[in-house]
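*Asks:* Can you keep this structure in mind? I'll have questions shortly.
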Ligand code: ATP
């Protein structure tokens with residue numbers, strides 16, 4: 001970084017600016033900033049160094065079973081050497097080759113998941129506003145350099161350590177750095193002496209958050225030279241926590257691991273007892289067979305495949321504007337049972353147009369649509385027109401938005417509610433020019449808690465006044481008089497009630513309402529202007545603003561309801577406006593449309609709120625802290641809650657929700673940081689689309705579990721029954737005839753081939769399966785539901801036993817002896833036929849795995865990748881059976897057409913049996 005010679009804490013800001021060669025009014029030039037970035041590096045904390053390839057390979061091999069397998073291969077090699085090193089030690093070499101193949105696949109999967117995580121990190125990069133070339137620019141925080149002028153506002157994440165040179169009511173939450181939970185008020189004055197971090201009130205630090213006010217600061221430290229950089233190594237250790245699903249899958253793989261190892265041991269012991277091995281190589285063969293079976297059938301690869309499925313799903317979500325920050329959240333999204341959403345901008349278009357103005361004297365209307373200041377202010381009464389002009393003028397001054405015409409299009413910056421006044425002013429002749437002649441002296445900004453804002457202005461004549469606008473019910477509390485026919489009249493309770501009923505009339509038409517008030521007497525000095533000055537105002541009237549619902553919102557709400565998900569609207573707006581929009585969008589019905597308001601939430605006890613939250617779907621006049629209570633109440637009921645937010649004060653509720661969702665467009669950096677998902681388009685429909693994607697991901701996880709576990713079950717059972725029944729099916733005799741001492745249904749290398757080669761493609765392909773059936777047709781998954789449930793076990797067992805039956809039948813069929821006599825083949829050919837049948841069984845089984853209840857023929861052609869994987873499986877099998885050197889390696893022999901035909905026909909039983917089971921169970925449940 002560029003070293004400043006001046007102490008950033010004790011120095012004067014002009015000295016600091018000079019030493020960093022920056023003009024604080026202009027900021028750095030883009031060119032200079034780029035040069036500094038090039039020279040001093042990006043504003044990043046040193047992450048963990050990338051794991052070298054050799055370490056990743058070692059990690060892949062660092063599995064007890066794989067080590068055992070390699071050890072067995074080594075023993076086999078040794079036996080071959082001891083026996084005179086005749087020929088090639090095929091078995092051992094094949095084992096090593098298959099292990100290498102698996103390491104390659106494993107590393108490929110790992111890097112795919114890592115790529116997805118990196119892409120997400122890229123999409124959710126923190127941003128900062130800086131002054132460069134005299135212009136405000138939004139840049140990636142990583143591009144900040146020393147000397148940059150940071151522009152700070154509410155909700156910003158501070159991107160680097162910086163010395164303030166301007167601050168107005170700037171408050172910064174520094175808990176991330178100092179642990180201090182209350183925000184610190186900042187000011188630019190130099191500090192002397194050795195000041196602890198928590199007391200450096202003229203500095204802002206990377207990683208902290210602006211909770212209110214505004215400020216400007218010169219960046220004095222970036223990257224590892226920041227305070228947080230000093231402790232970054234401590235923070236680095238935040239690992240992603242495993243989700244319940246991951247834990248369950250881990251648990252299942254461990255349990256199955258033990259079962260499979262036990263069965264493998266039983267098989268080895270049975271062979272040893274029944275077939276009494278004679279030579280060392282017999283023992284080695286048995287050992288290799290047992291270990292191969294264990295390696296093949298123990299599903300230790302599940303967690304890895306899980307990350308890949310999640311990663312690919314997350315990528316699909318991002319394409320739909322829903323950026324999930326952590327892979328795990330994608331799966332949680334699928335189980336959301338309540339979506340709590342803001343109204344403005346999420347359910348509505350956030351395109352505000354003032355349509356009506358109501359004052360004590362009557363009603364005026366404004367024509368025109370959108371932000372174009374084209375239209376007429378009309379009323380039958382001149383008094384109303386005069387009052388409306390005064391109201392619009394005040395509303396347009398107590399305002400932080402800008403309205404610009406860019407190439408013929410009217411565009412706004414800032415709050416759309418504010419912008420609506422700027423548009424409306426343009427519709428009242430001469431008013432817009434008048435406004436430009438006033439000067440803003442001070443303000444108290446709008447916040448969701450206060451629900452109002454005010455400014456202190458001086459007009460062309462030199463008169464100073466307070467102008468305020470806000471939620472009418474709130475604003476009236478700050479008024480003591482009301483404007484009636486140009487006169488100030490005392491605001492008694494009757495009048496107040498009358499004004500509020502005017503407001504209700506507007507809200508019943510779904511208008512968003514805003515009151516406007518002024519005061520021209522008893523004016524404070526600008527430097528003393530604060531909230532306490534917002535009193536004794538003169539109420540002018542109220543505007544009715546339309547903010548049309550988003551066309552797609554009603555459809556998305558209907559879809560959410562169909563999916564058993566409750567939609568709860570939480571808004572700062574008026575209860576009636578909220579109720580009306582909630583009704584129009586189908587969130588509540590005409591019969592049951594109760595609305596709970598902020599102060600009722602405040603008054604309710606935890607238990608009461610929990611009880612109420614069961615039924616209430618509309619909350620109005622809510623402040624951000626109420627959101628947290630609503631989340632807690634819903635979670636206490638066992639709901640999985642998704643909650644949207646945009647402001648800095650929404651962050652705690654978003655953190656507490658199961659899925660915090662930040663608005664990508666209107667959301668602050670702090671909210672985005674606290675959220676698990678960022679909505680690129682602020683649109684409610686995108687949340688529902690993401691939930692749908694989450695459910696598809698979860699379904700796909702079930703699909704590959706069903707597939708892999710059924711396949712493994714089939715292999716284990718085939719081996720087990722093959723060994724147990726070898727006398728019955730004629731295997732023993734065939735072995736005798738072939739002069740081999742051990743009668744094995746399948747060879748170790750063949751078992752490895754099935755699991756580690758032909759199974760891999762279909763498993764991955766089924767993990768990215770498109771939606772089958774209607775994922776939004778069911779209720780959300782309960783957190784108590786097991787992933788591998790009864791239905792899944794039934795599929796696994798049915799398929800497993802069918803596979804074993806089909807394979808043993810094939811064996812018996814082609815062997816001369818056994819139950820069905822008449823076969824004429826030798827042991828190698830028969831084994832090849834069984835091996836092929838088992839591979840085909842797996843390829844049929846992947847079709848079953850796509851649904852536990854729906855026929856495999858439902859959308860059978862929709863997953864092209866799956867068909868590719870199946871085709872590849874067939875090609876590989878033909879290769880391993882027909883190519884001479886692979887025959888040597890895997891102990892196979894060429895098959896004739898009859899073998900292939902029978903293998904295909906019999907293995908298809910796996911499909912038919914499961915189809916039958918699905919048909920039966922759908923009949924019984926109907
Ligand atoms: P949501 O919470 O669904 O986004 P909202 O925009 O109505 O809805 P807030 O922004 O908290 O919620 O606003 C609450 C109330 O404050 C509004 O109903 C309005 O009456 C008033 N208000 C909103 N914006 C402004 C503003 N810029 N100036 C003055 N008052 C405002």
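For (1) outside the structural domain of residue 752 (by TED's automatic domain parsing); (2) more than 30 Å from residue 14 (Cα to Cα); (3) not in a helix (DSSP H, G or I), each residue gets a yes or a no:
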{"position": "33", "(1), (2), (3)": "yes, no, no"}
{"position": "54", "(1), (2), (3)": "yes, yes, no"}
{"position": "68", "(1), (2), (3)": "yes, yes, no"}
{"position": "77", "(1), (2), (3)": "yes, yes, no"}
{"position": "86", "(1), (2), (3)": "yes, yes, yes"}
{"position": "92", "(1), (2), (3)": "yes, yes, no"}
{"position": "98", "(1), (2), (3)": "yes, yes, no"}
{"position": "102", "(1), (2), (3)": "yes, yes, no"}
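*Asks:* With the range 594-676 as the region, which strands (runs of 3 or more DSSP E) entirely inside it contain at least 2 residues that are more than 27 Å from the chain's Cα centre (by Cα)? Even if it seems obvious, please write down each step before you answer.
*Replies:* Working: elements: 595-597, 618-620, 641-645, 659-663.
Answer list for the range 594-676: 595-597.
*Asks:* Would you check if there is a residue in the range 797-815 being exposed (fewer than 15 other Cβ atoms within 10 Å of the Cβ), over 20 Å from residue 749 (Cβ atoms) and either out of contact with any helix residue (DSSP H, G or I) (no Cβ under 9 Å at 6 or more places or on another chain) or touching a residue at least 24 places away in the same chain (Cβ under 8 Å) (or both)?
*Replies:* Within the range 797-815, the subset exposed (fewer than 15 other Cβ atoms within 10 Å of the Cβ) is 797.
Next cut, over 20 Å from residue 749 (Cβ atoms) only: 797.
From the residues that got through so far, the ones that are either out of contact with any helix residue (DSSP H, G or I) (no Cβ under 9 Å at 6 or more places or on another chain) or touching a residue at least 24 places away in the same chain (Cβ under 8 Å) (or both) too are 797.
Yes, because at least one residue in the range 797-815 is exposed (fewer than 15 other Cβ atoms within 10 Å of the Cβ), over 20 Å from residue 749 (Cβ atoms) and either out of contact with any helix residue (DSSP H, G or I) (no Cβ under 9 Å at 6 or more places or on another chain) or touching a residue at least 24 places away in the same chain (Cβ under 8 Å) (or both).
*Asks:* Still on this structure, I have one more. Please tell me if residue 830 is assigned by TED's automatic domain parsing to the domain that holds residue 716, surrounded by 24 or more Cβ atoms within 10 Å (Cβ to Cβ) and modelled with pLDDT of 85 or more.
*Replies:* Numbers: assigned by TED's automatic domain parsing to the domain that holds residue 716: yes; surrounded by 24 or more Cβ atoms within 10 Å (Cβ to Cβ): yes; modelled with pLDDT of 85 or more: yes.
It is true that residue 830 is assigned by TED's automatic domain parsing to the domain that holds residue 716, surrounded by 24 or more Cβ atoms within 10 Å (Cβ to Cβ) and modelled with pLDDT of 85 or more.
*Asks:* Residue 573 - would you say it is in the same structural domain as residue 649 (by TED's automatic domain parsing) and surrounded by fewer than 18 Cβ atoms within 10 Å (Cβ to Cβ)?
*Replies:* no
*Asks:* Still on this model: Restricting the range 401-416 to residues that are within 16 Å of the ligand (Cβ to nearest atom) and surrounded by fewer than 16 Cβ atoms within 10 Å (Cβ to Cβ), which is farthest from the chain's Cα centre (by Cα)?
*Replies:* Step one: list which residues in the range 401-416 are within 16 Å of the ligand (Cβ to nearest atom), which gives 401-403, 412-416.
Next, from what is left, pick out any that are surrounded by fewer than 16 Cβ atoms within 10 Å (Cβ to Cβ): 402, 413-414.
Numbers: 402: 33, 413: 28, 414: 27 Å.
If we take residues in the range 401-416 being within 16 Å of the ligand (Cβ to nearest atom) and surrounded by fewer than 16 Cβ atoms within 10 Å (Cβ to Cβ), then 402 is farthest from the chain's Cα centre (by Cα).
*Asks:* Determine if the range 424-443 includes at least one residue that is part of a loop (DSSP other than H, G, I, E, B), more than 16 Å from the ligand (Cβ to nearest atom) and under 14 Å from residue 517 (Cβ atoms). Quick ask: steps written out before the conclusion?
*Replies:* Within the range 424-443, the first condition is being part of a loop (DSSP other than H, G, I, E, B), and the residues that meet it are 427-430, 437-438.
Pick out the ones that are also more than 16 Å from the ligand (Cβ to nearest atom) and you get 427-430, 437-438.
Next cut, under 14 Å from residue 517 (Cβ atoms) only: none.
Checking the range 424-443: not a single residue is part of a loop (DSSP other than H, G, I, E, B), more than 16 Å from the ligand (Cβ to nearest atom) and under 14 Å from residue 517 (Cβ atoms).
*Asks:* Residue 142 - would you say it is outside any loop (DSSP other than H, G, I, E, B), over 30 Å from residue 318 (Cα atoms), in contact (Cβ under 8 Å) with a residue 24 or more places away in the chain and outside the structural domain of residue 671 (by TED's automatic domain parsing)?
*Replies:* Considered against the rule, which asks whether it is outside any loop (DSSP other than H, G, I, E, B), over 30 Å from residue 318 (Cα atoms), in contact (Cβ under 8 Å) with a residue 24 or more places away in the chain and outside the structural domain of residue 671 (by TED's automatic domain parsing), residue 142 comes out as no.
*Asks:* Then there's this: Consider residue 389 carefully, then state whether it is assigned to a strand (DSSP E or B), away from the ligand (no atom under 15 Å from the Cβ) and either buried (at least 20 other Cβ atoms within 10 Å of the Cβ) or touching a residue at least 12 places away in the same chain (Cβ under 8 Å) (or both).
*Replies:* Values: assigned to a strand (DSSP E or B): no; away from the ligand (no atom under 15 Å from the Cβ): yes; either buried (at least 20 other Cβ atoms within 10 Å of the Cβ) or touching a residue at least 12 places away in the same chain (Cβ under 8 Å) (or both): yes.
No.
*Asks:* Just checking, which of 889, 893, 898 is assigned to a helix (DSSP H, G or I), touching a residue at least 40 places away in the same chain (Cβ under 8 Å), more than 17 Å from residue 850 (Cα to Cα) and more than 44 Å from the chain's Cα centre (by Cα)?
*Replies:* Matching residue, one of 889, 893, 898: 889.
*Asks:* Considering every residue within the range 615-623, establish whether at least one is within 11 Å of the ligand (Cβ to nearest atom), at pLDDT below 90 and surrounded by fewer than 22 Cβ atoms within 10 Å (Cβ to Cβ).
*Replies:* Scanning the range 615-623 turns up at least one residue that is within 11 Å of the ligand (Cβ to nearest atom), at pLDDT below 90 and surrounded by fewer than 22 Cβ atoms within 10 Å (Cβ to Cβ).
*Asks:* Here is a follow-up. The conditions are (1) in a helix (DSSP H, G or I); (2) farther than 30 Å from residue 215 by Cβ; (3) at pLDDT below 80, and residue 121 fails exactly one of them. Which is it?
*Replies:* Failing condition for residue 121: (2).
*Asks:* Criterion first (within 16 Å of the ligand (Cβ to nearest atom), farther than 28 Å from residue 689 by Cα and in a helix (DSSP H, G or I)) does residue 557 satisfy it?
*Replies:* Considered against the rule, which asks whether it is within 16 Å of the ligand (Cβ to nearest atom), farther than 28 Å from residue 689 by Cα and in a helix (DSSP H, G or I), residue 557 comes out as no.
*Asks:* Scan the range 5-20 and give yes if some residue there is farther than 30 Å from residue 191 by Cα and free of Cβ contacts under 8 Å to residues at least 40 places away in the same chain, otherwise no.
*Replies:* Taking the range 5-20 first, the residues farther than 30 Å from residue 191 by Cα are none.
No, every residue in the range 5-20 fails to be farther than 30 Å from residue 191 by Cα and free of Cβ contacts under 8 Å to residues at least 40 places away in the same chain.
*Asks:* Within the range 562-588, can you find the residues that are in contact with a strand residue (DSSP E or B) (Cβ under 7 Å, 6 or more places away or on another chain) and either assigned to a helix (DSSP H, G or I) or away from the ligand (no atom under 14 Å from the Cβ) (or both)?
*Replies:* If the condition is that a residue be in contact with a strand residue (DSSP E or B) (Cβ under 7 Å, 6 or more places away or on another chain) and either assigned to a helix (DSSP H, G or I) or away from the ligand (no atom under 14 Å from the Cβ) (or both), then 565, 566, 575, 577, 578, 579, 581, 582, 584, 585, 588 are the ones that fit.
*Asks:* Looking only at residues that are near the ligand (Cβ under 9 Å from one of its atoms) and part of a loop (DSSP other than H, G, I, E, B) in the range 334-351, which one is nearest to residue 784 (Cα to Cα)? Working first, answer last.
*Replies:* We begin by selecting, within the range 334-351, every residue near the ligand (Cβ under 9 Å from one of its atoms); these are 341-348, 350.
Cutting the leftovers down to part of a loop (DSSP other than H, G, I, E, B) gives us 342-347, 350.
Working: 342: 29, 343: 31, 344: 35, 345: 35, 346: 31, 347: 31, 350: 39 Å.
Looking at the filtered set, the residue picked out is 342.
*Asks:* Of these, 362, 395, 370, 345, which one is surrounded by 19 or more Cβ atoms within 10 Å (Cβ to Cβ) and on the phi > 0 side of the Ramachandran plot? Show your work before the answer.
*Replies:* Values: 362 fails: surrounded by 19 or more Cβ atoms within 10 Å (Cβ to Cβ); 395 fails: on the phi > 0 side of the Ramachandran plot; 370 fails: surrounded by 19 or more Cβ atoms within 10 Å (Cβ to Cβ).
When all the criteria are applied, what remains is 345.
*Asks:* Let me ask something else. Select the strands (runs of 3 or more DSSP E) contained entirely in the range 450-534, then report the ones holding at least 1 residues which are within 16 Å of the ligand (Cβ to nearest atom) and touching a residue at least 60 places away in the same chain (Cβ under 8 Å).
*Replies:* The strands (runs of 3 or more DSSP E) meeting that bar are 452-458, 464-470, 479-484, 512-519.
The values are calculated or read from the model by the stated rules, or taken from the named source; none is laboratory data. In this text, all values refer to a predicted model and were calculated from it rather than measured experimentally. Cβ coordinates were reconstructed from backbone atoms using ideal geometry, including for glycine residues, and neighbour counts include every protein chain displayed.
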